[in-house]
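This report concerns only the one structure given below.
The values are calculated or read from the model by the stated rules, or taken from the named source; none is laboratory data. Everything numeric here is computed off the predicted structure, so don't read it as measured data. Here the Cβ positions follow ideal geometry from the backbone for every residue, glycine too, while neighbour counts run over all protein chains shown. Ligands, DNA and RNA are excluded from the accessible area calculation, which covers all protein heavy atoms including side chains. Shrake-Rupley method; radii C 1.70, N 1.55, O 1.52, S 1.80 Å.
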Amino acid sequence: MDDERRQAIADGRTTLGIELGSTRIKAVLVDEEMRPVASGSHEWENDYVDGRWTYSLDAVEAGLRAAYADLVADTERRHGVRPTTFRAAGVSAMMHGYLPFDADGALLVPFRTWRNTSTGPAAARLSDAFRFNVPLRWSIAHLYQAVLDGEPHVAHVAGITTLAGYVHRRLTGRDVLGVGDASGLFPIDSAPVESAPGEPGRRDYDADMLAAAQDLLGDRVPDLRALLPDVLVAGEDAGSLTAEGAAWLDPTGTLEPGVAFCPPEGDAGTGMVATNAVAPRTGNVSVGTSIFAMVVLERPLGTPHEELDVVTTPAGDAVAMVHCNNGASEIAAWARVFGRFAAAATERTGGTAPEIDDVYATLLDEAAQADPDAGGLLSFNYLAGEPVTGVDDGRPLLLRTPDARFTLGNLVRSEVHGAFATLAIGMDVLHDEHVEVDRMTAHGGLFRTPGTPQRLLAAALRVPVALEETAGEGGAWGIAVLAAYLEHTEQSLADFLSDVVFRGDAVHVAEPQADDVAGFQTYLDRYRAALPVQDVAAAATRTSATTDQGEPTDGAEPRLQAEGATR
């Protein structure tokens, strides 16, 4: 096997996937059986500059090169060969945000990431005009807000794209987006446009909404459609690596041009692929710095909902997305505290300090035995504002009444419930819309500890929750799979995943348990009732380290950098 893999790498029969997450850029090399054979990564952090969260393009370039170099080094270390080419490649990144370029390709303002929530007036007006929910973080909301604010750069915008679209253009010269990523830039019409026999069904931006947006933008943006990248679905040719792109990614000159690229995608789309959740009535939950759920729809929603984004799968099928700005960071913070306590205690007694995974396992074991409603404790994980619940400026809080049962297990269970509570509020809207879900697949670093997180998520969402063995490989693996799909377009993407990629994989399913469901609902009722406390806490604790748009940059959480936790 080692000789076969070494030869496959030397022959360029492996596939490369790269994903730019919020705390880490990861590169993965997979073989012809979709198994990872090497990986590389680079840690990075967003910056807070002039009131906005951003990453510089210099940091993008340096981070990509570092992650790719780390991948090459890992390949040489494991297999004794340095890759020079690949059968296919793809790039994905955190979705949404705002990257406006002028006619010469210069960035006009620093990249405004998904974390920025300063686009309220624009999102509201667009939503009214479209009769379709436009979230604060979508690219069109950022563009229109810049128009409303009279920002001078608008007059010079020749094109806007996403982070994945920018990197793809640097590598291939093509200004295109995968349909899933494009659906967070501007709404997509999920009805396929006719294509040639045997080719994937095409999707494009919604024509009626383009016209409505153009009316709002007026002369400040004379031709909105001309600013938007072309839309491609999974399996379509998105160009190939140019000589300039190869040198940009690999300054050593070893990487050869000519590698075929799949359409660039967002992290939501690669999460769907990594969890085999692209068919109707399937869905996935990604838990990282943020937490979001995706459900592939059988039919359009009856009415727009502020709690729900409508995006698409990489094949262009409509997806309802519940996106929560705040995820598992508070759980990670408590794990650090208890991990340090364990280390300090063992230092005094001469023992061995536990590894962080052991800390998580111990804490979650306690949560499994705790009261179903967390004993009256209540936890908010709001390091940032939370649009789903209408909280502009969040504060992490632990609340309890005098008669609450304050135990270690209840504390941890409360934190896990708190991480899932806002997601459950958003998912309740889908229940009201009578959207049927057969199964949700979970991924992210929290699920590296089996059992309790999966079981409690099933109770929160009232639906079976599965863990796929391969789902833990995350978005970089997901975009590598989409790159491999370039050679399998005789099948639908859903069939390719089920019949080829996930064939034979073990699946672990947790069914909702009645006591857990009832306990979580009791907890959620208290949670909803206590939401006004957030406004009071924020007003009383204004600091320079926090804003209404994000969280303190106090370093990445080790657990949130685990496989699959891209944000």
Report summary line: Here the FRET efficiency for THR84 versus ALA226, based on Cβ atoms and R0 = 45 Å and rounded to 0.05, is 0.75
Query raised in the report: Solvent-accessible area per residue for the chain at a 1.4 Å probe radius, Å²?
Result: 37
**Report entry** Nearest-10 value in Å² for the accessible area of TRP53, using the 1.4 Å probe
**Finding:** 10
Requested in this report: Please list the helices of the chain that count as membrane-span-like by this rule: a mean Kyte-Doolittle hydropathy of at least 0.5 together with Cα atoms stretching 27 Å or more along the helix axis, each helix being a complete DSSP H run.
Outcome: 408-432
Requested in this report: Using a Förster distance of 60 angstrom, determine the FRET efficiency expected from the C-beta separation of ASP3 and LEU408, and round it to 0.05.
Outcome: 0.75
Query raised in the report: Given TRP334, GLY350, ALA367, which one lies farthest toward the positive end of the charge dipole of the range 316-393, if we put +1 on the Cβ of every Lys and Arg and -1 on the Cβ of every Asp and Glu?
Result: GLY350
Query - Net lengthening on full extension, VAL49/ALA529 (0.36 nm per residue, minus Cα-Cα) - result: 169.3 nm
Report summary line: Packing-ranked peptide list from 72-81, 26-35, highest mean Cβ count within 10 angstrom first, is 26-35, 72-81
Query - Answer label, with Cα extents along the principal axes in Å calculated from the coordinates and candidates [x] 91, 50, 44; [y] 91, 57, 41; [z] 66, 61, 44 - result: [z]
Report summary line: Pseudo-spin-label distance ARG77 to SER498, built 7 Å along Cα→Cβ, given in nm, is 4.0
Query - Residue-averaged 222 nm ellipticity for the chain, from DSSP H runs of 4+ at -39500 (n - 2.57), nearest 500 - result: -11500 deg cm²/dmol
Report summary line: Given the candidates THR401, THR119, ALA243, the one whose Cα lies deepest towards the positive end of the charge dipole of the chain, counting +1 at each Lys or Arg C-beta and -1 at each Asp or Glu C-beta, is THR401
Requested in this report: With +1 on each Lys and Arg Cβ and -1 on each Asp and Glu Cβ, and nothing else charged, work out how big the dipole of the range 279-357 is about its Cα centre, in Debye to the nearest 20.
Outcome: 220
Query raised in the report: Rounded to the nearest 20 Debye, what is the dipole magnitude of the range 93-230 about its Cα centre when Lys and Arg each give +1 and Asp and Glu each give -1 at the C-beta?
Result: 480
Report summary line: Relative contact order as a percentage, the range 294-375, C-alpha pairs under 8 Å and 6+ apart, gives 19
Query raised in the report: For the peptides 245-258, 429-442, what is the packing order when you average, over each peptide's residues, the other Cβ atoms within 10 Å and list the highest mean first?
Result: 429-442, 245-258
Query - Pairwise centroid distance, computed over Cα atoms, of the range 394-462 with the range 286-306, Å - result: 16
Report task. Take each of the peptides 149-157, 12-20, 233-241, average the number of other beta-carbon atoms within 10 Å over its residues, and list them starting from the highest. Result -> 12-20, 233-241, 149-157
**Report entry** Cα centroid separation, the range 203-239 to the range 92-167 (Å)
**Finding:** 13
Report summary line: Two pseudo-spin positions, 7 Å from Cα along C-beta at ALA191 and at VAL507, lie apart in nanometres by 3.3
Report task. Would you please give the residues with an amide H less than 5 Å from that of VAL391, counting only those at least 5 places away or on a separate chain, with H modeled from the backbone geometry? Result -> GLU386
Report summary line: ASP515 and ARG281 label points (each 7 Å along its Cα→Cβ direction) are spaced in nm at 3.1
**Report entry** Net dipole in debye of the chain [+1 Lys, Arg Cβ; -1 Asp, Glu Cβ; about Cα centre; nearest 20]
**Finding:** 1000
